[in-house]
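A.B. asks: Got a structure for you, questions after.
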Amino acid sequence: MDHWESGNASRPTVMGLEHEVGLSIDPADVLAPRESPAAALLRLGERGSRDVVPYQYLENGARLYVDCGEHPEYATPECSTPQELLAADCAGMAILATMAENAERSLSDTAGKAVRVRVLRNNLAPNGESWGTHENYLAPASLSWADLSRPLVSHLASRVCFAGAGTIIGAHGQPHGQFRLSQRAPYVGTVLSLSAVDGPTGRPMVLARDEPLADPNRYRRLQVVCGDASMSHTATLLKLTTTMIALRLVEASRAPAVELDRPLVAFHQWSADPDLKTTAVSSIGKMRATDVQRQWLDAAERYHDEQGLPAAEAVVLPLWDAVLAGLERDPDELADQLDWVAKRRVLRTLADREGLEPDDPRLVAADLAYHDVRPDRSVFGRLLAGGRMRSLVCSAAVEQLRDHPPASTRAATRGELVRLLRATGHNYDVTWARCRIHSIPPGVDLELSDPLSPAPDQAVAMLAALREELATEGPTTRTRPVAPAAPLGGLNDWWAENFG
């Protein structure tokens, strides 16, 4: 059986995360004329940083740019396991933290006064504006969007019990103060859509664009856009792993026989109930969110016993079970593991100590501060540093993925191409699935259409040539030309001889 045949329990996979982030620069009058805060962050944040090239793909295989809503967006490199993606996600947050520090220092020095730059990894502003966190999972092209979304929706709706980031900020500009599990759920109004932005009914749970960023004959990209931006390592790992396992179950026609009568209503009601008592009507009776998750866990355990899940996913099954058991007993038991529980405890403690009303601006500020990417300013960061939130990543792994791409996906080739092409001063363009080098006439195209291939033959040969050029000529600081450059002698001749 081909390793990518649908239903193969052990088939390799690729997954990634995209985070739009909240950003504020105070006071705003320090910005250059007509420059947005996002543009300023990318322009100034990369100074002194080894990581960032504005608007481009990075040497660690990730991408950083300003999206259409003027939010900075960090997209992780493609990863092959949930654990690797968790570490890559933490590396991205560290990069954004460094950028915020650099931009703040530069703006303060230029303005001659204190400037505060805040980057928040959340999904909601006090004025009701919302932005997204997108999860991407590689799936076989043989599965239609209906095949994927119909059985998955009960998982996506019910996982809010452990994946919600929690908030007291009112959705759609409503009053603050009512705690709910999810920041994103009130903005979701349809299961499947071609657009991630607001439509007549709201944003979708699953984005159904025919945009695999890979070979469309083999792959489909499942893009889940209804989730919150998790800070907690446990919530992130569970969100990614359980959804990947759910996708495997759907592929194998082994998903649990639990369909929600009104999945969007269930999603909204479960999100609004931190007591986890609300039930929704399903094909097998009224169920709480944790009940539905139990159905998925049971199906996953049976499938693993019979077929064998990949080790990186199977190892998370006991954690899935333990978290559901804690939620069923008393969610406060999980204050050191789940964002919404930790945040609720922090807000309750602050309100009790200061005698604050539920909608007090200081509580809203604390809600936002939980998500600051700078550890020294983040409520989550202080909880993590103090051992009051569990860490599931190794700092060495995070540092490695800050500087270098994962070795097991095409991100390895793309990241190394970016590093070498920058160092040698070539004029190039790169995307997720290809790289074009303009400065080797008539232009060299390298295909990276297989996300599972860390070293396509053509790209390997080019990398070797670029390394030789760098070793011979040394790094260059010349500006990359806008138009294709003149022939590059030996490298151009080598390319024509081998691939012309």
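A.B. asks: Which helices (runs of 4 or more DSSP H) sit wholly inside the stretch 247-340 and have at least 3 residues that are of a type in the set (D, E, K, R) and not assigned by TED's automatic domain parsing to the domain that holds residue 146?
C.D. replies: Output list is empty.
A.B. asks: Let me ask you something else. Looking at the stretch 171-180 only, could you name the residues that are assigned to a loop (DSSP other than H, G, I, E, B) and either without any contact (Cβ under 8 Å) to a residue 40 or more places away in the chain or more than 16 Å from residue 368 (Cα to Cα) (or both)?
C.D. replies: 174
A.B. asks: Condition first: buried (at least 24 other Cβ atoms within 10 Å of the Cβ) and in a helix (DSSP H, G or I). Can you find one or more residues in the stretch 195-215 that meet it?
C.D. replies: no
A.B. asks: Among 193, 154, which is the only one that is hydroxyl-bearing (Ser, Thr, Tyr) and at pLDDT below 95?
C.D. replies: 193
A.B. asks: Does the stretch 379-386 contain any residue that is crowded, with 17+ Cβ neighbours inside 10 Å and within 27 Å of residue 175 (Cα to Cα)?
C.D. replies: So far as the stretch 379-386 goes, yes, one or more of its residues are crowded, with 17+ Cβ neighbours inside 10 Å and within 27 Å of residue 175 (Cα to Cα).
A.B. asks: Quick one: count up the residues across the stretch 371-406 that are out of contact with any strand residue (DSSP E or B) (no Cβ under 9 Å at 6 or more places or on another chain) and among the β-branched types (Val, Ile, Thr).
C.D. replies: Total meeting the criteria: 2.
A.B. asks: Taking residue 144 as meeting all but one of (1) among the hydroxyl-bearing types (Ser, Thr, Tyr); (2) touching a residue at least 60 places away in the same chain (Cβ under 8 Å); (3) more than 25 Å from residue 270 (Cβ to Cβ), write down the number of the exception.
C.D. replies: Status for residue 144: all satisfied but (2).
A.B. asks: If you check every pair at least six apart or on different chains, which have Cβ atoms under 7 Å apart with a residue in the stretch 240-260 that is in contact (Cβ under 8 Å) with a residue 12 or more places away in the chain and surrounded by fewer than 24 Cβ atoms within 10 Å (Cβ to Cβ) first and a residue that is assigned to a helix (DSSP H, G or I) and of a type in the set (Val, Ile, Thr) second?
C.D. replies: 258/292; 260/153
Here's the yes/no breakdown for (1) in the same structural domain as residue 358 (by TED's automatic domain parsing); (2) surrounded by fewer than 24 Cβ atoms within 10 Å (Cβ to Cβ); (3) in a strand (DSSP E or B):
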| site | (1), (2), (3) |
| --- | --- |
| 138 | yes, no, yes |
| 146 | yes, yes, no |
| 161 | yes, no, no |
| 169 | yes, no, no |
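A.B. asks: Quick check on the stretch 354-364. Is at least one of its residues assigned by TED's automatic domain parsing to the domain that holds residue 271, in contact with a strand residue (DSSP E or B) (Cβ under 8 Å, 6 or more places away or on another chain), of a type in the set (Asp, Glu) and within 13 Å of residue 168 (Cα to Cα)?
C.D. replies: No: zero hits.
A.B. asks: Which ones in the stretch 261-278 are in contact with a Lys or Arg (Cβ under 8 Å, 6 or more places away or on another chain), surrounded by fewer than 23 Cβ atoms within 10 Å (Cβ to Cβ) and of a type in the set (S, T, N, Q)?
C.D. replies: Answer for the stretch 261-278, where residues must be in contact with a Lys or Arg (Cβ under 8 Å, 6 or more places away or on another chain), surrounded by fewer than 23 Cβ atoms within 10 Å (Cβ to Cβ) and of a type in the set (S, T, N, Q): just 278.
A.B. asks: Output the residue which, of all residues in the stretch 457-477 that are surrounded by 10 or more Cβ atoms within 10 Å (Cβ to Cβ) and in a loop (DSSP other than H, G, I, E, B), is modelled with the highest pLDDT.
C.D. replies: 475
The values are calculated or read from the model by the stated rules, or taken from the named source; none is laboratory data. Every value quoted in this text rests on a predicted model; they were computed, and no experiment measured them. Positions of Cβ are backbone-derived with ideal geometry, glycine not excepted, and every protein chain shown enters the neighbour counts.
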